[in-house]
Amino acid sequence: MSEEAKEISFDELGLTKPLEKMTAKELRALCVAKLPMITGASGKDKTELVQEIKDAFGIVEEQAVSPYKKQIAEIKKEIRELRVKKETVTERDKRDYLRRKINKLKKRTRKLARAI
């Protein structure tokens, strides 16, 4: 880590959102304004910029695998089966029931994905 990187800490950058959620344009502006140790920011894409910033501050990425991955896959399989079934049903009441069930299952997968 260079001396310039030691002068400013990651917390002092004043970020309002995580690096991965920032746009490439925002990341470039951040590098130009506050991180002079990162050169060539205007020619890099988002993934390169995020990695450069993390390297500059010594941030190590941990690839978190959701503990609910298997459960989410099973629910998605059930959703696919229900969609096929919904296409074959002609009665409106049964179709609406299947549609609502699919929506509930989709909400459950989203909730499980966020619960890391």
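The values are calculated or read from the model by the stated rules, or taken from the named source; none is laboratory data. As the structure is a computational prediction, the values presented were derived from the model and not from experiment. Methodologically, a virtual Cβ is constructed for each residue, glycine included, from the backbone with ideal geometry; neighbour enumeration extends over all protein chains shown.
Read through the list (1) more than 21 Å from the chain's Cα centre (by Cα); (2) hydrophobic (A, V, I, L, M, F, W, C); (3) surrounded by 11 or more Cβ atoms within 10 Å (Cβ to Cβ), then give the number of the only condition that Ala33 fails.
Only one criterion is unmet by Ala33, namely (3).
Residues Arg100, Arg83, Arg95: which one is out of contact with any helix residue (DSSP H, G or I) (no Cβ under 8 Å at 6 or more places or on another chain) and farther than 29 Å from Thr23 by Cα?
Answer to the check: Arg100.
Might you check whether a residue that is under 19 Å from Lys17 (Cβ atoms) and either assigned to a loop (DSSP other than H, G, I, E, B) or not assigned by TED's automatic domain parsing to the domain that holds Gly14 (or both) occurs anywhere in the range 63-80?
yes
Mind telling me which of the residues Leu13, Leu49 ends up being at pLDDT 85 or above and of a type outside the set (D, E, K, R)?
Leu49
Could you please let me know if Arg83 is farther than 18 Å from Phe10 by Cα and exposed (fewer than 12 other Cβ atoms within 10 Å of the Cβ)?
So Arg83 does not fit the description; no.
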